[in-house]
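This report refers to the structure that appears directly beneath it.
Each reported figure results from applying straightforward, stated rules to the coordinates on display, with no laboratory input. These numbers come from a predicted model, not from an experiment. Counting neighbours? That spans all protein chains shown, and the Cβs are built from the backbone with ideal geometry, glycine included.
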Amino acid sequence: MLDSVTTSAPKTATLRTTFGKLEWLNALIIDGAAVDQNFALAARNIPHIDVLPVQGINVVSILKRNKLVLTKAALEALEARFA
């Protein structure tokens, strides 16, 4: 779980390097109600990485990826929805 997923600029190369260090080569990243626009722009050019707001979470997207990454806001929203 992450506190948040944000980046100051939509730089795909920087994000790709970070994901490589974290071993996120095939991941679905779920953020809160809104995904940081710079993060979403940078991540969309990386193969096998999907980024969704919590409202967009679905079984098909989860099963397509090897790793599921939730932000704190996403986890709180899911707990509230299913509690």
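For the subset of segment 1-34 comprising residues that are aliphatic (A, V, I, L, M) and without any contact (Cβ under 8 Å) to a residue 12 or more places away in the chain, which member is farthest from Leu78 (Cα to Cα)? Looking at residues that are aliphatic (A, V, I, L, M) and without any contact (Cβ under 8 Å) to a residue 12 or more places away in the chain, I get Ala13.
Conditions tested, residue by residue: (1) aliphatic (A, V, I, L, M); (2) out of contact with any Asp or Glu (no Cβ under 7 Å at 6 or more places or on another chain); (3) in contact (Cβ under 8 Å) with a residue 12 or more places away in the chain.
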site: Leu63; (1), (2), (3): yes, yes, no
site: Val69; (1), (2), (3): yes, yes, yes
site: Ala74; (1), (2), (3): yes, no, yes
site: Glu79; (1), (2), (3): no, yes, no
